[in-house]
Amino acid sequence: MPDNTLAVMDSVSRFLDRHHGLYIDGQWCEASTEGRLAVYNPADGQQISSTADANAQDVAHAVQSAHQAFTSGIWAQRLPAERERILLRYADLVEQHTEELAQLETLEQGKSINIARMFEVGCTLNWMRYTAGLTTKITGQTLDVSIPMPPGAKYQVYTRKEPIGVVAGIVPWNFPLMIAMWKVMPALAAGCSIVIKPSETTPLTVLRMAELATEAGIPPGVFNVVTGKGAGCGKALTEHPLVAKVSFTGSTPVGKGIARAAADRLTRVTLELGGKNPAIVLKDADPQQVIEGLMAGSFLNQGQVCAASSRIYIEAPIYDTLVAGFEQAVKSLTVGPGMDANAQINPLVSSDHRNKVAAYLDDARSKHAELISGASGPDSQGFYIPPTLVINPDDKLNLTREEVFGPVVNLIRVADAEEALRKANDTDYGLTASLWTTSLQAAMAYTPRIQAGTVWVNTHTLIDANMPFGGFKQSGSGRDFGPDWLDAYTESKSVCIRY
Ligand code: NAD
């Protein structure tokens, strides 16, 4: 096989070599701590950069900068059309830097350069432009009321949507650039200021995005970035009294802790959390479509996708055919570094996460589960896990109940659709699900019975800026995307006028 590994762009090398501080008030500043957090290339385990480990004092600096920018009106009180124009310019600038941002993303996160270009940057541009457009569509209502006092008085009520204030955006490591923009863009479209904390594992692209925001004309203090650990920097940010809203994407246990802390001050919270997403394959489904759709649904970004299909329930008459098809597909996957555009499976994000996924597989093996794996990674120092099918695992195995977040998918034989529905819903999670059938009757009958925020039919993992996304049950609270997205970043004020 020829070596197709991309050469790293000069601008990316220079960015990696920089001494990264915090991005506050439209400029770089030093953290008050000396400790650094290493950033590794998952493909070979080598350190490629480092970032600051901000403490509560640094966080307070960033929040105060955001608060000052908000109360000054420099952004919130601009004409909506001006905010929209600047946000669209920001998207154009990001588009011009697609290759640089995609390489940076692949080098810190491990994902394929193809996914980084098309999905991480390409789809993010769609979201950025969609959300920029919402800036000029913020509306209230005019309401007639029935207030009888004093006799003869007349009243007119209208509602206004006002920006909520300083937003804290907490981002995970699986799509660092895209998920950061899922927080920055609605916050800024609504007129808020934001402090973003990326994952300590993947902080680099967000820092570069902050620089580009300033270049696009977003005023100082409106978009700030602090880097650091979750328990220190992240906790200090979500609990800061000047933060009006927390937008969190990450694991369910951390999300619950943030919700508990937010309850003390009734800080507004949106939670986009984990999933253990089922796919239900009925016996009339098209096998080829199922294999193509669920290979992508299960192995995109090495399964490190909150919406990934990780439990596939297959009706008995087509179970053996599909297992054979999945086995062939998994064994044909090429495994290699994300910078090799031909590699279909890439390393996991970190050695800790690789070890966590490996522990799930070791546990399953020790309990005699049948595993079918594809190729291993080419570099023993890289954080690779081979793509793996788990054949008919016991319901009580850890990997059948918990979110593995790796290239591992369970194939489970069921007698009929009723058993599939019961097992699919038997989880604390409820993020996404898919149903595979050629019967319109079955699709219409079963989709309302699946407990998930998004249910796909004959596809999986497709998301869109205009399609609300979020979780049932312990997969979250609130919805991102869609025409009502900015509601979560505004307060509704009723104005009652006597005339
Ligand atoms: P995580 O919960 O460990 O960390 C997420 C972020 O929270 C990181 O920036 C981390 O530093 C920070 N954090 C950790 N402890 C904190 C605390 N006490 N206070 C404040 N911040 C804290 O999640 P992860 O491992 O980075 O990401 C994987 C998880 O994210 C998976 O569970 C996945 O399903 C979920 N996810 C959900 C969605 C969605 O839209 N529902 C999207 C992507 C990822």
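Quick notes on this one:
- Count of residues meeting criterion [more than 30 Å from Phe248 (Cα to Cα) and outside any strand (DSSP E or B)] in region 306-346: 23
- Qualifying residue in region 281-299 (condition: within 8 Å of the ligand (Cβ to nearest atom) and of a type in the set (A, V, I, L, M, F, W, C)): no
- Selection status of Gly338, over 14 Å from Gln304 (Cβ atoms) and crowded, with 22+ Cβ neighbours inside 10 Å: no
- Verdict on Val246 being within 12 Å of the ligand (Cβ to nearest atom), among the hydrophobic types (A, V, I, L, M, F, W, C) and not in a helix (DSSP H, G or I): yes
- Scope region 187-205; condition surrounded by fewer than 24 Cβ atoms within 10 Å (Cβ to Cβ) and either of a type in the set (Val, Ile, Thr) or without any contact (Cβ under 8 Å) to a residue 60 or more places away in the chain (or both); matching residues: Thr201
- Tally, over region 148-186, of residues that are more than 16 Å from the ligand (Cβ to nearest atom) and in contact (Cβ under 8 Å) with a residue 24 or more places away in the chain: 13
- Pair list, Cβ < 7 Å and 6+ apart or interchain, from region 124-147 residues that are buried (at least 18 other Cβ atoms within 10 Å of the Cβ) to residues that are assigned to a helix (DSSP H, G or I) and basic (Lys, Arg): Thr135/Arg83
- Residue match in region 194-202 (condition: more than 13 Å from the ligand (Cβ to nearest atom), modelled with pLDDT of 95 or more and of a type outside the set (Phe, Trp, Tyr)): yes
- Single residue of region 17-32 satisfying the filter (of a type outside the set (A, V, I, L, M, F, W, C) and either in contact with a Leu (Cβ under 8 Å, 6 or more places away or on another chain) or touching a residue at least 40 places away in the same chain (Cβ under 8 Å) (or both)) that is surrounded by the most Cβ atoms within 10 Å (Cβ to Cβ): Tyr23
- Here Leu212 meets the list (1) over 29 Å from Asp17 (Cβ atoms); (2) more than 13 Å from the ligand (Cβ to nearest atom) almost entirely, failing just condition (1).
- Pair list, Cβ < 7 Å and 6+ apart or interchain, from region 477-499 residues that are on the phi > 0 side of the Ramachandran plot to residues that are not in a loop (DSSP other than H, G, I, E, B): Gly478/Thr270; Gly478/Leu271; Gly478/Ala488; Phe481/Phe469
- So Ala259, is it farther than 20 Å from His61 by Cα, more than 7 Å from the ligand (Cβ to nearest atom), outside any loop (DSSP other than H, G, I, E, B) and free of Cβ contacts under 8 Å to residues at least 60 places away in the same chain: no
- Among the residues of region 426-441, just one is small (Gly, Ala, Ser) and more than 26 Å from Val305 (Cβ to Cβ), namely Ser439.
- From Gln68, Gln77, residue being at pLDDT 95 or above, part of a loop (DSSP other than H, G, I, E, B) and more than 11 Å from Val226 (Cβ to Cβ): Gln77
- Unmet requirement for Tyr499, which otherwise passes all of (1) within 16 Å of the ligand (Cβ to nearest atom); (2) of a type outside the set (A, V, I, L, M, F, W, C); (3) within 30 Å of Thr139 (Cα to Cα): (1)
- Between Gly377, Gly430, Gly471, Gly406, the distinction of being surrounded by 19 or more Cβ atoms within 10 Å (Cβ to Cβ), at pLDDT below 95 and assigned to a loop (DSSP other than H, G, I, E, B) belongs to Gly377 only.
- Residue within region 391-402 that is crowded, with 19+ Cβ neighbours inside 10 Å and closer than 21 Å to Gly45 by Cβ present: no
- Scanning region 445-463 for residues that are free of Cβ contacts under 8 Å to residues at least 60 places away in the same chain and either surrounded by fewer than 21 Cβ atoms within 10 Å (Cβ to Cβ) or within 11 Å of the ligand (Cβ to nearest atom) (or both) turns up Ala445, Thr447, Pro448, Arg449, Gln451, Gly453, Val455, Val457, Leu462.
- Residue count, region 397-444 (criterion: away from the ligand (no atom under 16 Å from the Cβ), among the aliphatic types (A, V, I, L, M) and under 28 Å from the mean Cα position of the chain (by Cα)): 8
The values are calculated or read from the model by the stated rules, or taken from the named source; none is laboratory data. All figures in this text were calculated on a predicted structure; none of them were measured in a lab. When we count neighbours, we look across all protein chains shown, and the Cβ atoms used for this are built from the backbone with ideal geometry, even at glycine.
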